[in-house]
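Here the structure comes first, spelled out in structure tokens, and everything after it is commentary.
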Amino acid sequence: AERPPVDVAALAAGVRDGSRSLLARAITLVESNRPDHRAAAQELLLDLLPDSGGAVRVGISGVPGVGKSTFIEALGTRLTGDGHRVAVLAVDPSSTRTRGSILGDKTRMAKLAVDDNAFVRPSPSAGTLGGVARATRETIVLMEAAGYDAVLVETVGVGQSEVTVAGMVDTFLLLTIARTGDQLQGIKKGILELADVVAVNKADGSHERDAKVAARELAGALRMMTPTHESWRPPVLACSGQTGAGMDEVWAAVQEHRCTLEADGSLGRRRADQQVEWMWAMVRDQLMDRLQSSAKETLGEVEAGVRSGDLTPTLAATRLLATLGLPDPR
Ligand code: GDP
């Protein structure tokens with residue numbers, strides 16, 4: 001059946017006016033993979049791009065159970081209490097497999113979900129991590145155009161998703177918990193390297209002492225690593241999302257990190273680099289998508305040829321790329 005075309009101008013105006021229902025509809029549009037939706041979404045984003053960029057963008061990562069949703073609920077309500085407008089997004093590629101998002105779920109953040117100054121959006125189930133990342137980046141543009149001045153992007157501390165999220169935020173906050181023995185056990189070095197601020201969570205009750213010891217040990221470990229930014233050393237703090245202890249310090253560290261980036265001009269560079277990296281990610285995704293459909297007929301045969309040694313991988317690659325209609329460069 002003919003579907004009515006998307007009224008991009010009305011959507012853009014609604015988003016700018018802060019209409020929650022039109023913002024939700026705009027997000028659904030950027031999450032869609034239908035070609036006509038993709039085209040309308042790009043038109044919408046182009047329209048709203050000048051109104052974006054105004055938020056503090058913070059990534060919040062940690063393994064399941066570390067207390068992310070409790071922490072974000074506590075942080076988010078503090079921020080809205082201070083007059084901020086808070087958007088919570090999630091990057092959770094596993095939501096594709098489980099057909100249900102474990103992150104950014106409204107039921108996990110009951111207070112924020114009903115807060116007029118907050119907008120909680122679960123992870124899109126757009127397929128691949130690349131697809132989820134694209135939808136999330138585009139949703140950040142929409143949220144900012146709608147006037148949200150703090151965007152919190154939540155992700156699980158497993159796999160590639162935190163690298164992806166670090167690539168779309170100003171400050172990357174890693175949540176962890178105290179562990180006995182080797183404190184670094186369970187935190188992959190690569191993830192620690194992404195962190196701009198580290199918080200040892202659940203520093204309350206009988207865990208408080210352990211959390212503070214863990215924070216000191218982690219700070220020591222971080223000092224051994226090469227800093228990613230010359231004028232910033234990631235601080236390690238202890239906090240409790242449940243009692244609120246140390247939350248102000250964690251948020252102060254996030255703001256201080258952003259001020260440091262602003263002061264030496266690297267915030268603008270970081271964001272510009274992220275836009276260019278996003279562009280290349282889109283080129284890679286679109287090329288692979290198009291290749292997979294253009295080469296559908298020959299894919300199996302060419303792969304079999306490479307496996308058996310009848311074709312060199314280079315010749316096979318040229319054959320596959322030729323299905324895109326690209327001329328052989330030689
Ligand atoms: P997530 O999976 O990282 O989002 O973690 P949740 O926020 O769902 O919390 C996992 C479990 O840890 C729940 O049982 C929470 O009640 C508990 N929890 C979360 N934050 C804290 C905290 O600051 N202190 C303590 N003691 N428990 C917490």
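The values are calculated or read from the model by the stated rules, or taken from the named source; none is laboratory data. Since the model is a prediction, treat every value here as computed from it, not as a measurement. Note: ideal-geometry Cβ built from the backbone for every residue, glycine included; neighbour counts use all protein chains shown. Just so you know, the surface numbers come from the protein's heavy atoms only, side chains and all, with ligands and any DNA or RNA stripped out. Shrake-Rupley method; radii C 1.70, N 1.55, O 1.52, S 1.80 Å.
In a simple Cβ point-charge model (Lys, Arg +1; Asp, Glu -1; nothing else charged), region 265-330 has a dipole of about 340 debye relative to its Cα centre. Calculated on C-alpha atoms, the gyration radius of the chain divided by its Kirkwood radius gives an Rg/Rh of 1.02. Relative to the longest principal axis of the Cα atoms of the chain, the long axis of helix 129-145 lies at roughly 60 degrees. Against the longest principal axis of the chain, how steep is helix 68-81, in degrees 0 to 90 to the nearest 10, with axes from Cα atoms? So the helix axis and the longest Cα principal axis differ by about 70 degrees.
Treating r as the C-beta distance of Glu256 and Ala113 and R0 as 22 Å, the FRET efficiency rounds to 0.15. Relative to the longest principal axis of the Cα atoms of the chain, the long axis of helix 296-308 lies at roughly 80 degrees. Within the listed set Thr136, Thr243, Thr176, the Gaussian network model of the chain (springs between alpha-carbon atoms below 10 Å) gives the highest mean-square fluctuation for Thr243. If both residues of a DSSP beta bridge must be in the chain, then about 5% of such bridges are antiparallel.
Full extension of the chain segment joining Ala272 with Asp17 gains 89.1 nm, where the gain is 0.36 nm per residue of separation less the Cα-Cα distance. The sum of -39500 (n - 2.57) across all DSSP H runs of n ≥ 4, divided by the residue count of the chain, sets its helix-only mean residue ellipticity at 222 nm to -16500 deg cm²/dmol. Dividing the convex hull volume of the alpha carbon atoms of region 248-291 by its residue count gives 60 Å³ per residue.
Within the listed set Gly54, Gly268, Gly167, the Gaussian network model of the chain (springs between alpha-carbon atoms below 10 Å) gives the highest mean-square fluctuation for Gly268. Once the 1.4 Å probe is applied to the protein heavy atoms, region 239-330 comes out at 66 Å² accessible per residue.
Centre-to-centre, using Cα atoms only, region 271-320 and region 216-263 are separated by 40 Å.
Measuring nothing but protein heavy atoms, the accessible surface of region 265-330 at 1.4 Å probe radius is 60 percent carbon and sulfur. Each residue, Met288 and Arg34, gets one label point 7 Å from its Cα in the Cβ direction; the gap between the two is 2.6 nm. Counting only Cβ charges, +1 for Lys and Arg and -1 for Asp and Glu, the dipole size of region 53-264 around its Cα centre is about 660 debye. Counting protein heavy atoms only, region 53-264 has 52 percent of its accessible area on carbon and sulfur, 1.4 angstrom probe. With all pairs of different C-alpha atoms in the average, the Kirkwood value for the hydrodynamic radius of region 265-330 is 13.9 Å. Protection proxy ranking of 113-124, 202-213, by the mean of other Cβ atoms within 10 Å over each peptide's residues and highest first, is 113-124, 202-213.
Short-range pairs are left out: with C-alpha atoms under 8 Å and at least six residues apart, the relative contact order of the chain is 16 percent.
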